[in-house]
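Q: This is the structure, below, for whatever I ask next.
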Amino acid sequence: MHSLNFFAQEYGQFEVKLKASKIKGVISSVSLFDEDEENCIRIVSLESKKAYGGVIYNDHGQKVMSKVNLGFKPGGYVIVGIEWSPERIEWKVNEKVVGAITNYIPHEKLGLRIETEVIKQTSNLPHRLDIDWIKCYQPNS
């Protein structure tokens, strides 16, 4: 699911309250991305026992991800957020700062994308990604 046809924003604060199944071989993500998928801010990716965020950028034709470990394992509901400015992207989990990136910051409007992908064959399906809410705040002028 994506929002580019009706919502895109440059900079601000973004939060999502979610929970996902712990299934090996399945990744669920909430991201901000551009139409060409050249710039992407991964608010959260949940994979089995890992949770991370980061920035995906193009390096000589190869997509590279600069990761931030979010420091929790998928399970119950959690609130993951970012604060995105021209100089920095900061990740928070349940309102506690867990990491930041100051390189490869996108400087354009990005839309929301929610996705779940099966990356390895698994018999542990179905997988669930439950999103209670998503909040997007514009930066103060």
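The values are calculated or read from the model by the stated rules, or taken from the named source; none is laboratory data. Nothing here was measured: the structure is a model prediction, and the numbers come from that model. Using ideal geometry, Cβ is built from the backbone for each residue, glycine included, and neighbour counts are taken over all protein chains shown. With ligands, DNA and RNA removed, areas are computed over all heavy atoms of the protein, side chains included. Shrake-Rupley method; radii C 1.70, N 1.55, O 1.52, S 1.80 Å.
Q: What about residue 14, is it within 15 Å of the chain's Cα centre (by Cα), surrounded by 15 or more Cβ atoms within 10 Å (Cβ to Cβ), part of a strand (DSSP E or B) and aromatic (Phe, Trp, Tyr)?
A: Values: within 15 Å of the chain's Cα centre (by Cα): yes; surrounded by 15 or more Cβ atoms within 10 Å (Cβ to Cβ): yes; part of a strand (DSSP E or B): yes; aromatic (Phe, Trp, Tyr): yes.
So residue 14 passes the test.
Q: Considering (1) hydrophobic (A, V, I, L, M, F, W, C); (2) at pLDDT below 95; (3) surrounded by 16 or more Cβ atoms within 10 Å (Cβ to Cβ), say which one residue 89 fails and leave the rest.
A: Answer for residue 89: the failing condition is (2).
Q: Return yes when residue 79 is touching a Pro at 6+ places or on another chain (Cβ under 7 Å) and either open to solvent by less than 40 Å² (accessible area, probe 1.4 Å) or touching a residue at least 12 places away in the same chain (Cβ under 8 Å) (or both) and no when it is not.
A: So residue 79 does not fit the description; no.
Q: Return yes when residue 51 is in contact with a strand residue (DSSP E or B) (Cβ under 8 Å, 6 or more places away or on another chain), open to solvent by less than 10 Å² (accessible area, probe 1.4 Å), among the aliphatic types (A, V, I, L, M) and touching a residue at least 12 places away in the same chain (Cβ under 8 Å) and no when it is not.
A: So residue 51 fits the description; yes.
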